[in-house]
Structure formats: C-alpha cells, structure tokens
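Note sheet for the following structure.
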Amino acid sequence: RLAVRIGVQGKRLDESSRRTCHLTFLVDVSGSMNFYNKLPLAKQALIGLLDNLRPDDTVSLCTYAGRTQKLLAPTPVSDKTRIVQAIESLGAGGGTAMSSGIDTAYRLADSAFVPGDVNRVIVCSDGDANVGPSTHEEILKRIKGYADRNITLTTLGFGTMNGNYKDEMMERLADA
C-alpha cells in the first residue's frame, strides 16, 4: 500500500479579506467509486473542508451515477450537521451519467450565485465517465461558459494511477 501526501500552500489571507464562498459539491457515486480510496475518502475530504469554511459560506450537494440527484440545496455552513448528514448518506452503485451531473451542479451553483463572491463547483470523481447524451466537448463548452460567468470548477480525483483513476478526463474538466 503506497500513500502519498502532497501539500500545496497558497497565499494566506486574513479571515476578514476572504470572500464568502458558495460551493456546490458534485460527487460521483457510480459503482466505480465503491472502493476504500474513492467515495469514503471523498466524503472524508468534503467533511474536512467544512472546517475551513465560515458560517455564512454555503454548500450544496448533488450526485451522479445512473441518474443525478440533488441532495442538498444551498445551505449555510452554520447548519454543518445537516451538511455532514447529507455527505455521510452517500453510497456508490450504478452507471456514470457525468453530463447530467454537471448540469445539475451548475444549476445549483447558479441558484446560489452572488456576484463578487467565490462561486465554485467541486467535482469528486475517479474520472470514469460515460458522459451520456453530451459529448466531452459539449460538456467542456458548458463549463467554459459558466467559468466566463464566474462560476469556476475544481476537480478532486480519487483512486490510484494503476488503472482505477482516469486523470485525463478530470484534467480536461479542470482546464475548461
């Protein structure tokens, strides 16, 4: 078992200068995420992220597998218990409808959008995507359109490089 820890430190801002964050978690709950180093690790990472957010920041949560599901409308981090319960309820199984998941996440992010604040979709996946009715290029074009409107996207990849993590798709999403 190989473990790698990589630390990246960005510029430290004092708390008063940080903009309010509106985060939409899009979590891949397809069958390929049913490994100890995928969905359980993604859940742990998202719950840990909550400790770095302020009470007035918001979090929403949606998932994709064979279908998409909106589990949590934009919720203030002051209601952390409700957010944690939604994250902990996630389980893996089914296909991988990434295209409709992306659409659902951006609709949620758009509903919480505040000009000048941080508005971001965070995708947690192993990169295994049967995109559904949209091509990869169509998905990337939609992501670029939202980025132009200041709703950015971050990808968090889960799995290992020995075949169960497909980083190419995740990198293409992040680049868009």
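The values are calculated or read from the model by the stated rules, or taken from the named source; none is laboratory data. These figures come from a predicted structure and were not determined experimentally. Glycine gets a Cβ as well: all are built from the backbone with ideal geometry, and neighbour counts include every protein chain shown. With ligands, DNA and RNA removed, areas are computed over all heavy atoms of the protein, side chains included. Shrake-Rupley method; radii C 1.70, N 1.55, O 1.52, S 1.80 Å.
Being under 28 Å from R19 (Cβ atoms), part of a loop (DSSP other than H, G, I, E, B) and among the β-branched types (V, I, T) is the requirement here; does V121 meet it?
no
Across the stretch 109-134, which residue is modelled with the lowest pLDDT among those that are open to solvent by 10 Å² or more (accessible area, probe 1.4 Å) and among the hydrophobic types (A, V, I, L, M, F, W, C)?
V131
Exactly one of these conditions fails for K166: (1) out of contact with any helix residue (DSSP H, G or I) (no Cβ under 6 Å at 6 or more places or on another chain); (2) farther than 18 Å from R67 by Cα; (3) modelled with pLDDT of 95 or more. Give me its number.
(3)
Within the stretch 28-67, work out how many residues are in a helix (DSSP H, G or I), among the small types (G, A, S) and surrounded by 16 or more Cβ atoms within 10 Å (Cβ to Cβ).
2
Pick from L46, L26, L61: which is under 14 Å from the mean Cα position of the chain (by Cα) and closer than 17 Å to G127 by Cβ?
Testing whether each residue is under 14 Å from the mean Cα position of the chain (by Cα) and closer than 17 Å to G127 by Cβ leaves just L26.
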